[in-house]
Amino acid sequence: MIFFKISGFFFFYFVVTGVYVIFMPKILQTLGYSAPQIGAIFALAPLMRFFVPFFFLKHFELTQKVFYTALGGAFFAIVMFYPTIHHFYLFMLPNMLLGACLGMILPYVETYAMEHLQKERFGKSRLFGSIGFMLIGIILARHLEDYTNGLHFLLLGISLTAFFAYWLTQNNPVFSAPHANKEEAFNFSHAKYLWLSLFLLQVSFGAFYNFFTIYETAHGISLEVTSYLWAFGVICEIILFYFQAPLLKRFSLLSLVKLGVFLTALRWFLLFAFPSSLFISYATQSLHAFSFALHHTAALSLLYTLYVHKKLAAQFYYGFSFGLGGFVGALIAGYFYGEYLYVYASFIALLSLGSLMLFKEKE
């Protein structure tokens, strides 16, 4: 039953993420938002995800009460999308609130999932998030005649996310148990090269998340086929989430993180070297299984072995990588977009690998 509750949470959390990432930019474009305005709106959530963990270093603790407050805040933020979406500056406010709340919600449950299910079974639960992300992309694409449908799906998604989160945590003794000793400070210095690597890897992903569709269609691959490439990458991610347990048992976590980063660098270089090859495009998308699924589980597990404050470690993981890394990656990708975009992305991924080589796990 616990597995079902955790999987349900992941499914609907990433339904919300899917609607927000895949469809909200298009919705804003149809409402007359300019490209810079859309860029500004979607820079807010990762920035808030980066800043929020710093408040938990000394001033706050991610307790059950704070978690429920974050769930309520996320629900309220999406409700406020309805009256503010036509007003750029007003719309920025609920987006900031949503980014801050989502940055607290996921680490709280994911930390518990990793500890309760162990890293070998964690992937089988987390893959439901990938399924939710993929399914909402298919379903909502057929029901977006009116922009309010997108908002309705967002509201339904966050409501069900909150339901499963409450069902999982309420009357669960693990969440009401005393928290880790606060006397041990949260220290970045002993793992600074690991944190730098996590940041740089997501910077390299800016070329993919923001420009993959544009890049592929510019090289003769149709928009429809490009959508199949996106779906294929998610399917490969789901497969590895399900079958990654033997790898996690046999190899060290640091070795798997290095493997994920190396294959990401190779992935970007292949996109540069063979931009018009559909076969190579599918091959690079298959590597998403290692770039994201394996790297994500191994990196998160490695951080949990390094830090007593596991929820805070998870918050900073999302803050530094997907937050700050995603923000900087989008800016750099926009600046370097062109023939050599994926050369730059591959180089940044290699810098991430170089940083890992400097990291000594036993320190």
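The values are calculated or read from the model by the stated rules, or taken from the named source; none is laboratory data. Small disclaimer: the values here were computed from a predicted structure and weren't measured. Note that we place each Cβ from the backbone using ideal geometry, even for glycine, and neighbour counts take in every protein chain shown.
Based on this model, can you work out whether SER286 counts as without any contact (Cβ under 8 Å) to a residue 60 or more places away in the chain and over 25 Å from SER130 (Cβ atoms)? Even if it seems obvious, please write down each step before you answer.
Numbers: without any contact (Cβ under 8 Å) to a residue 60 or more places away in the chain: yes; over 25 Å from SER130 (Cβ atoms): no.
When the stated conditions are applied, SER286 does not pass them.
Given ARG126, ARG142, which one is surrounded by fewer than 21 Cβ atoms within 10 Å (Cβ to Cβ) and among the basic types (Lys, Arg)? If you could, list the steps in order and put the result at the bottom.
Working: ARG126 fails: surrounded by fewer than 21 Cβ atoms within 10 Å (Cβ to Cβ).
Result: ARG142 is the single residue among ARG126, ARG142 that is surrounded by fewer than 21 Cβ atoms within 10 Å (Cβ to Cβ) and among the basic types (Lys, Arg).
Yes/no per residue for (1) of a type in the set (Ser, Thr, Tyr); (2) under 21 Å from ASN171 (Cβ atoms); (3) buried (at least 20 other Cβ atoms within 10 Å of the Cβ):
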residue	(1), (2), (3)
VAL19	no, no, yes
LYS26	no, no, no
GLN29	no, no, no
ALA35	no, no, no
PHE51	no, no, no
PHE55	no, no, no
LEU62	no, yes, yes
LYS65	no, yes, no
TYR68	yes, yes, no
Matching residues in the range 50-88 - criterion: being free of Cβ contacts under 8 Å to residues at least 12 places away in the same chain and either among the charged types (D, E, K, R) or in contact with a Lys or Arg (Cβ under 7 Å, 6 or more places away or on another chain) (or both): LYS58, LYS65
Residue list for the range 258-282, restricted to those being assigned to a helix (DSSP H, G or I), touching a Phe, Trp or Tyr at 6+ places or on another chain (Cβ under 9 Å) and more than 27 Å from LEU358 (Cα to Cα): LEU271, PHE272, ALA273, ILE280, SER281, TYR282
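Tell me, which helices (runs of 4 or more DSSP H) wholly within the range 18-94 include 1 or more residues that are at positive phi and modelled with pLDDT of 85 or more?
Numbers: elements: 24-30, 35-55, 64-79, 81-84.
Fully inside the range 18-94 and qualifying: nothing.
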Neighbours by Cβ (under 6 Å, 6+ apart or cross-chain): first from the range 335-355, farther than 23 Å from ALA299 by Cα; second surrounded by 24 or more Cβ atoms within 10 Å (Cβ to Cβ): LEU341/ALA207; TYR342/ALA207; TYR342/TRP268; TYR342/LEU271
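Yes/no per residue for (1) under 19 Å from the mean Cα position of the chain (by Cα); (2) among the polar types (S, T, N, Q); (3) surrounded by fewer than 14 Cβ atoms within 10 Å (Cβ to Cβ); (4) closer than 17 Å to HIS295 by Cβ:
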residue: PRO173; (1), (2), (3), (4): no, no, yes, no
residue: ASN187; (1), (2), (3), (4): no, yes, yes, no
residue: LEU198; (1), (2), (3), (4): yes, no, no, yes
residue: VAL203; (1), (2), (3), (4): yes, no, no, yes
residue: ALA207; (1), (2), (3), (4): yes, no, no, yes
residue: TYR228; (1), (2), (3), (4): no, no, no, no
residue: VAL234; (1), (2), (3), (4): yes, no, no, yes
residue: SER252; (1), (2), (3), (4): no, yes, yes, yes
residue: VAL261; (1), (2), (3), (4): yes, no, no, yes
Unique match (being under 30 Å from GLY338 (Cα atoms), of a type in the set (A, V, I, L, M, F, W, C) and buried (at least 18 other Cβ atoms within 10 Å of the Cβ)) among LEU303, LEU312, LEU294: LEU294
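Can you name every one of the helices (runs of 4 or more DSSP H) wholly within the range 146-257 that holds 2 or more residues which are over 25 Å from PHE279 (Cβ atoms) and either in the same structural domain as VAL308 (by TED's automatic domain parsing) or in contact (Cβ under 8 Å) with a residue 60 or more places away in the chain (or both)? Explain how you work it out, then say what you get.
Values: elements: 147-169, 173-176, 192-204, 206-218, 223-243, 245-250.
Fully inside the range 146-257 and qualifying: 147-169, 173-176, 192-204, 245-250.
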Any hit, the range 105-116, residues being closer than 15 Å to LEU154 by Cβ and under 18 Å from the mean Cα position of the chain (by Cα): yes
